[in-house]
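The values are calculated or read from the model by the stated rules, or taken from the named source; none is laboratory data. Please read these numbers as outputs of a predicted model, since none were measured by experiment. Cβ placement follows ideal geometry from the backbone for every residue including glycine, while neighbour counts extend to all protein chains displayed. SASA here: full protein model, heavy atoms, side chains in, ligands and nucleic acids out. Shrake-Rupley method; radii C 1.70, N 1.55, O 1.52, S 1.80 Å.
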Amino acid sequence: MKAPIGYMSVTALAVLLAGCGTSTANTSGPPQAAKTQVTVAASARTQPVSGETESAVIALGDQAAGARLIAATQHDGLAVYGLDGKRKASHPDMAASHVAISYDYPLNGQPTTLLATIGANDNRLHVLALHDGKPQPTQAQSAALDLAVEGMCLFRNRIDSHLYALILGGGGQIEQKIIYTNAKGKLDVREVRRIHFPSELKQCVDDGNGHVYVSEQGTGIWRFNGDPESALDVTLVDAPGLGHITGETGGLAIYDGGEGSHWLLASQPSVGLINVYDRDHDDAFIGNFAIAKSKSGDDATIEEPGKLAVTSMLLGKAFPHGMLVVGADDDTDFRMVSMAEVASALGLAPGTPQDLRHAPKPPVPSVTALVETPPVKNPGDAADDPAIWANPQNPGKSLVVGTDKKAGLYVYDMHGKVRQFRADGHMNNTDLRTHFKLDGQDVVLVTASDRTHDSVAIYRLDTAAAKLVDVADGEQAAGLGDPYGLCMYRNPDNGKTYVFVNNKDGLMRQWQLLAADGRVHIDKVRQFQFESQVEGCDADDASGSLFVDEEDVALWALSAHPDGGDKMTAIDRVADNPALKSDLEGLGVYDLGNGTGYIVISVQGNDTYAVYRLEGKHEYLGSFAVVANPALGIDGISQTDGLDITSRNLGPGFEHGAMIAQDGRNVMPQQDQNYKYVSWDAIAKALDLKVRTNQP
């Protein structure tokens with residue numbers, strides 16, 4: 001298992017908070033912070049419950065009159081209130097300590113509002129469907145939790161619209177679980193990852209743009225990426241003594257009033273205030289306010305405001321720009337505050353009511369993997385690059401070679417099972433070609449860039465035994481400071497086979513692979529230089545073209561022939577295509593035959609895969625992402641270093657080929673890196689591409 005996902009050190013706080021000073025008014029910056037303390041009176045109060053309640057959500061209906069407040073209570077179960085604070089219904093069989101809400105979940109083909117609760121009596125995650133304001137169980141089984149829960153929120157991933165529950169523990173841990181519909185049409189959950197902070201967490205909230213805010217009670221407010229396939233990128237928003245927090249932090253809520261009115265609200269229980277931050281200007285502090293318990297004018301304010309909920313939606317005359325719900329001092333009721341009055345008191349524009357119930361359209365089409373390998377033996381950045389051998393007689397018996405760049409080479413079958421591991425050193429990239437003549441026999445020749453010995457490792461793939469056999473004629477020195485990317489080329493006209501290896505400084509060399517006395521050696525025939533680091537490469541044997549990723553610059557095409565010179569043509573540049581974000585890494589070619597097909601590259605900077613036409617002007621055809629397949633328990637693919645693609649039949653599920661890629665962040669559950677198999681049929685459907693049906 002990997003170590004816990006990183007937590008930013010306390011020594012970095014001062015640097016992060018350098019920009020957290022009080023904002024000054026200007027035309028391009030955030031609104032000016034309030035100069036004096038302001039107080040906003042609550043418009044309504046919920047009827048107290050027996051026992052305690054500290055968590056509530058605003059459940060929006062089709063019309064303002066249909067909106068309700070749903071509170072999690074330990075004795076009265078889920079309590080439902082109208083906007084006047086009067087109790088409408090109770091569900092005592094659903095005792096809960098925390099509640100969260102999400103809309104537009106596709107349950108059995110119908111957009112459904114979901115409630116997630118933490119059972120007050122069983123410490124389990126329960127997911128309910130909300131129909132006509134009534135919570136109804138639709139879950140296959142509740143999920144047991146092994147942490148003392150302090151808070152919870154739901155996060156909808158904008159990349160693939162998957163829904164996640166983030167459960168906060170008293171020890172500072174966050175358990176992230178994916179919510180999905182199983183084969184029987186019931187809701188189910190799987191653990192995805194765990195994130196660790198040093199101390200108790202109180203509340204989290206989804207900002208709708210891929211980030212989650214979380215309050216660490218004694219430390220401050222943090223922001224991180226909610227997508228488990230992205231880098232965590234923890235950022236400090238505010239902290240006691242260094243910013244605008246005094247004492248402890250408590251509740252959080254996101255207000256979305258459209259452009260210019262995107263705010264984060266955060267309660268400070270120790271001083272009775274709620275802070276407001278401008279999300280349009282890097283969470284700059286705007287001001288804070290206290291809440292008077294009523295409009296009676298007796299000046300009594302909530303001394304310890306707790307957890308929060310907010311919406312900008314019109315909720316009748318009393319709440320024209322939405323409502324803020326605040327947990328009160330004794331944890332038996334909530335106060336409801338007009339956001340129009342909050343904005344007025346702070347001198348802010350409340351913006352335009354936003355209906356955020358509908359999931360945004362994902363930025364690129366997505367596909368899922370059907371198979372994954374076990375994690376590689378080594379932790380950290382270890383798995384790197386695969387190569388596919390398609391078995392022409394029995395496609396289901398095809399094999400995959402994959403590198404562990406800290407240890408050696410794997411051979412996998414089409415079920416992802418390990419058939420062999422060779423601990424031969426730091427093997428970075430690998431490739432293979434069939435029909436290599438060795439001792440008068442056609443063999444599958446495999447090469448790898450060996451960073452332990454600064455050499456080209458050479459093997460014969462024993463396809464019957466699913467094993468690599470070393471056939472190098474001694475150590476084949478590459479003469480490079482750090483051999484990195486590698487690919488092979490076979491000239492179909494004369495059968496000559498070559499290997500390309502690049503150095504980190506952009507130098508690429510080409511060697512011919514020559515056989516003698518049952519062994520293979522290399523003979524340098526060419527070298528050429530890129531201006532910066534190059535990564536993946538792949539050769540199209542039919543056209544004699546070599547494609548190379550210069551990671552921060554471009555995708556290049558040049559001749560694969562040894563006398564091809566150093567002329568390079570940029571197919572696409574990072575600076576010219578918004579779909580590309582450095583680093584460009586893995587690269588593969590899907591062969592449709594007759595000189596046609598597709599080039600696919602991994603775009604590590606945004607965890608997508610860009611597709612280009614193989615022939616002609618190599619037009620960009622679109623990008624796709626590989627996302628979680630929770631029904632199979634396979635997560636998405638991200639931070640991809642290497643990939644390989646074939647149009648050959650690889651057996652059931654992969655009849656028209658596959659993309660096999662390294663997964664740099666292997667979650668669900670969190671483990672060391674591995675490889676995942678994606679059917680080309682899924683990619684072709686996502687981008688309206690062709691599949692090869694006339695197998696050679």
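Things worth noting here:
- Here the sum of -39500 (n - 2.57) over DSSP H runs of 4 or more residues, divided by the residues of the chain, equals -500 deg cm²/dmol at 222 nm, to the nearest 500.
- Centroid-to-centroid separation of the stretch 615-654 and the stretch 219-248 [C-alpha atoms, Å]: 34
- Unit charges on C-beta of K, R, D, E only; dipole of the chain, Debye: 1360
- 5 angstrom amide H check on LYS504, placed H, neighbours 5+ away: ASP482
- In the chain, the portion of solvent-accessible area held by carbon and sulfur atoms comes to 47 percent [1.4 Å probe, whole percent, DNA, RNA and ligands not counted].
- In this Cβ point-charge picture (+1 for Lys and Arg, -1 for Asp and Glu), the stretch 426-490 has a dipole of about 240 debye about its Cα centre.
- Residue-normalised accessible area of the chain, given per residue in Å² at a 1.4 Å probe: 38
- For the chain, the extents of the C-alpha atoms along the principal axes are 98, 54, 42 Å, listed from largest to smallest.
- Model label points for SER344 and VAL691, set 7 angstrom from Cα along the Cα-to-Cβ axis, are 6.2 nm apart.
- Dipole of the chain [Lys/Arg +1, Asp/Glu -1 at C-beta], most positive-end residue of ALA318, GLN441, HIS244: ALA318
- Dipole of the chain, positive end: most advanced residue of PHE654, VAL626, SER532 [Cβ charges, Cα centre]: PHE654
- Solvent-accessible surface of protein heavy atoms, probed at 1.4 angstrom with all chains present, puts LYS377, LYS685 in the order LYS685, LYS377, largest first.
- Residues in the stretch 139-155 carry Karplus couplings, in order, of 8, 4, 7, 6, 9, 5, 10, 10, 9, 7, 6, 10, x, 6, 8, 10, 10 Hz; the curve used is 6.51 cos²θ - 1.76 cosθ + 1.60 with θ = phi - 60°, and Gly or Pro positions show x.
- Cβ charges +1 (Lys, Arg) and -1 (Asp, Glu), total dipole of the stretch 305-368, debye: 380
- The stretch 363-440 - Rg over Rh from alpha carbon coordinates, Kirkwood radius: 1.03
- Under 5 Å between amide hydrogens, built in the peptide plane, is the criterion, and for PHE436 it picks out VAL443, LEU445 among residues at least 5 positions away or on other chains.
- Taking 19 Å as the straight-line reach from the Cα of LYS295, the lysines in range (excluding those fewer than 8 positions away in the same chain) are LYS86, LYS317.
- Semi-axes of the equivalent ellipsoid for the stretch 443-555, Cα gyration tensor, largest first, Å: 23, 17, 13
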